[in-house]
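What follows is a set of notes on a single structure, which appears directly below.
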Amino acid sequence: MQIDETTYKRLQSLLEEFISTKKQDLDMNDLLNDLIDNYQESQWGTLGASAGGG
């Protein structure tokens with residue numbers, strides 16, 4: 001996967017804020033997974049709702 005410099009800088013800034021907010025040692029994978037979860041929840045309500053689990 002390739003991302004442009006501006007997007008990388010924005011992600012890096014979000015990662016720093018994410019680490020500060022969560023007060024844990026997190027990495028870019030954690031941030032991306034959290035962003036994906038939030039996107040899916042905003043699209044589908046709660047995770048698993050489309051599978052009958054939410």
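Condition check: out of contact with any His (no Cβ under 6 Å at 6 or more places or on another chain) and modelled with pLDDT under 90. Does residue 13 satisfy that? The answer is no for residue 13. Selection within the range 34-47: residues that are surrounded by 12 or more Cβ atoms within 10 Å (Cβ to Cβ) and of a type outside the set (Asp, Glu). The member of this set that is modelled with the highest pLDDT is 35. Entry remark, the range 1-40: residues being in a helix (DSSP H, G or I) and at positive phi number 0 in total. In the range 1-24, of all residues being charged (D, E, K, R) and more than 14 Å from the chain's Cα centre (by Cα), the one that is least open to solvent (accessible area, probe 1.4 Å) corresponds to 4.
The values are calculated or read from the model by the stated rules, or taken from the named source; none is laboratory data. Please read all numbers here as calculations on a predicted model, not as lab measurements. Quick reminder, even Gly has a Cβ in these numbers, built from the backbone with ideal geometry, and neighbours come from all protein chains shown. Protein only, heavy atoms only, side chains kept; ligands, DNA and RNA dropped before computing areas. Shrake-Rupley method; radii C 1.70, N 1.55, O 1.52, S 1.80 Å.
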